Amino acid sequence: MINRLFRFYPPWLVLSWGIGTVFLIWQARLAAAWRDGPEFVDSAWVLGIAHPAGYPLYQSLVWMWEQFPFADVVLRNHSFSVACTVLASVLLYHVSISFMRILDVGRLTWRISQFIAGFVSLSWLVMPPQLENAIQSEAYALHAVFTFAIFKLLLDFMRTHETRHYVLAIFLAGLGASNHITMGALLFAFIVVLGVLPDMRRAVRTAGAGILAGLWGLLAYLYLPVRSLRNPAYDWGNPETWGRFWSHVLDQKDSGGFFVTDQGESIFGAPAMDYVMMLYDWLGLLGLVAILVGWGWLLWRRFRLAAVCLPWLIFLFLLIPGWISGTIFTGALGVLLLGLVPVLVAMLSWWRKAKLPAIRLASLGSVVLLLGVMFLNLYQSGIIFLAKRADYLPTEAVERELLSLPYRASILASSYVFHLRTLADINGMRPDVSLIGLGDVISPQYFKPLQPEQIPLLIYPSVKLPENDAPEMELVKGFIVELLGKNSDRTSFYLELDPGYTENFLSSIDPREGLLAVLLAPGEKRKPGHCRRLAGILANRLGPQLQEAKAGYDVENSWFLEGQYFSWLYVALHANPPCPSLAQNMTFWWMRWMDLSHIDMEEAIYNNMGMVFAFRGHDRGALVMFRLAESLGSMHGSLNLARWHELHGQPHQAVKMFKQTFLRFGDEVAFQNYRRLLHQLSRAGSS
């Protein structure tokens, strides 16, 4: 048994996979992590429905994995990603072997072929986007398993022409699409690969069998309406009807099925260059050039083989420019690495065939240099990536704040609603706290509207939220105000600081305690000293994270701390009355201690300083700051610059700036101000 294992997998490769497995388990997140992690952990635990496209296969498999009695539920969930990653790495080894068989590399020994395939497998294993998906709750590790299994079957079909390989590949594609819908991009490969068959009749029969197999695999999506009818705790999109089901699967807000960008970006412009630079950072110059040369040679000498692989890669890389981090391309990056195969085959062939020792030495030295530099670059970028995520996690910070809330508190939550629900549903933490997802109130067309059974300790408002349409903001405000009014004697309401959700309610905020949020007290007269209390809250609640950032620990700080810090700064500037001194101190602190080169907040800094100057009567300083913010692409800076011109008796300049802001950002407020000022100027001209 052992001898048979080592005959196909060299011992050094098995040892490397084993070390990689131990390393990934060691690095696996002990708490629900960033992005979709906490949502996937909780929705799988309750067999619910996640954000579009629902991920029915992922939810089902992870739920079964979570039943194994080891560690806690979160770590079990993350270990599923580790297992999928290791399995995908083994499958990529097999893909590389099949790739070399089609290239007909019989001139190489079996051990050299194993070495090339093993290097491709291990290179993928240590790539930063792959590492990110391997240690937390994400569907992309399982997506890579399906990707490599399908390409292995397609390569075998090209070599043997056996229909069973093609049919099984399409079945796996349909089934894999219920894990991540971008699997549909493989349609190009399935069409092109039929060209290897000798006659059209057989190609049509094979395609027909494949279509039936693919539809059979897609039946996994029936999970969505079946589970939705049972009203699970997670029921995103409520896909009980055909219309809501289809809307959820192809939803343009969150789904990977929304392939083509509508942001007006050129697919051959900045996004393509971003990907090239991203690959350069990971692979180094030698690795990137080798891969490009390899695929160029394949297009020249093995066009059909390249045509099966490349259209899928090009489709993903160029038509989804919003995923610059690369995580969605975990499987695609493994296929991209196959470009190394013809280059390594050629270099090692020269080494074997050359008779002059100098040529043999030069060929072998080139191989060692290429592989050494490339793997060292991958190793360094992977280690740096993991180091940046090595301190605290959002869930841990949210847990501290949840425990600090008073008895029977209520939270209006947005960004961290999934972290909170994970703590409540899985850990059973703070059952006395009522959790109200603002998305269920503000965007019921994407989520399921807030239900009375979700807040059994509170009196549900009489205002009815629509199920399929976006509610008017006045309706949302009425719902929130009635919720607060009916339950003012039952609970203390807290609001998670997220300007994207809370901007319409900031006039009601009275910062007195809590980090997750600040107490909502509509209509209550503000007590004196609220700026001093706000500064105290900031020091007490964000103090540890601020000290870590000051000491240079850049991990999740650049995501979690940034959002919380600027939310508090937003409150300081919009309090009634505002707190300009606190806002100025916060801004100066951020400029001194945080690295603005990789945190997209420089324009916000200038806009905030402009508001501070304006509050203090420094008009020229405010103008300079607003101009800097506008030049860096800040919509709020552009709006404030237009308002500055209006307040200083320059209506024509204000009209120009409001118009420019609307055309540039599509902001409705800018358009309304533009029309208002234009109407005033026209009336003044006529009079």
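The values are calculated or read from the model by the stated rules, or taken from the named source; none is laboratory data. Treat the numbers as computed from the prediction; the structure is a model and nothing was measured. When we count neighbours, we look across all protein chains shown, and the Cβ atoms used for this are built from the backbone with ideal geometry, even at glycine. The accessibility values were calculated without ligands, DNA or RNA, using every heavy atom of the protein model including side chains. Shrake-Rupley method; radii C 1.70, N 1.55, O 1.52, S 1.80 Å.
Brief remarks follow.
- Using the Karplus relation 6.51 cos²θ - 1.76 cosθ + 1.60 with θ = phi - 60°, the per-residue 3J(HN,Hα) values for the stretch 85-101 come to 5, 5, 4, 4, 5, 5, 5, 5, 4, 5, 4, 5, 4, 5, 4, 5, 5 Hz, with x marking Gly and Pro.
- Here the label points at LEU369 and VAL293, each 7 Å from Cα along the C-beta direction, are separated by 1.0 nm in the simple model.
- Rg/Rh (Cα only; Kirkwood hydrodynamic radius) as it applies to the stretch 68-174: 1.06
- Using the Cβ-Cβ distance between GLN451 and LEU403 with R0 set to 25 Å, the FRET efficiency from 1/(1 + (r/R0)^6) comes to roughly 0.40.
- Length gained when the stretch ARG490-ARG304 is fully extended (0.36 nm per residue, less Cα-Cα span): 60.0 nm
- Ranking LYS464, LYS656, LYS448 from most to least accessible surface, computed with a 1.4 Å probe over the protein chains only, gives LYS464, LYS656, LYS448.
- Once all protein chains are placed together, LYS486 keeps about 80 Å² accessible to a 1.4 angstrom probe.
- With each label modelled as a point 7 angstrom along the Cα→C-beta vector, the LEU194-ASN427 pair spans 5.3 nm.
- Greater than 25 Å apart at Cα, pairs in LYS448/LYS486; LYS477/LYS656; LYS448/LYS477: LYS477/LYS656
- ³J(HN,Hα) computed for each position of the stretch 653-664 - Karplus, 6.51 cos²θ - 1.76 cosθ + 1.60, integer Hz, glycine/proline x: 5, 5, 4, 4, 6, 4, 5, 5, 5, 5, 5, 7
- Ranking LEU91, LEU639, LEU292 from most to least accessible surface, computed with a 1.4 Å probe over the protein chains only, gives LEU292, LEU91, LEU639.
- Sorted largest first, extent of the stretch 433-486 alpha carbons per principal axis (Å): 27, 19, 14
- Site pair THR163 and LEU219 shows an inter-label distance of 2.0 nm when each label is modelled 7 Å from Cα along Cα→Cβ.
- Karplus (6.51, -1.76, 1.60) ³J(HN,Hα), θ = phi - 60°, over the stretch 218-225, in Hz, Gly and Pro reported as x: 5, 4, 4, 5, 4, 3, 4, x
- Taking Lys and Arg as +1 and Asp and Glu as -1, the other residues whose beta-carbon sits under 13 Å from that of HIS645 total +1.
- Nearest-0.05 FRET efficiency for GLU482 and SER682, computed from C-beta distance (R0 51 Å): 0.80
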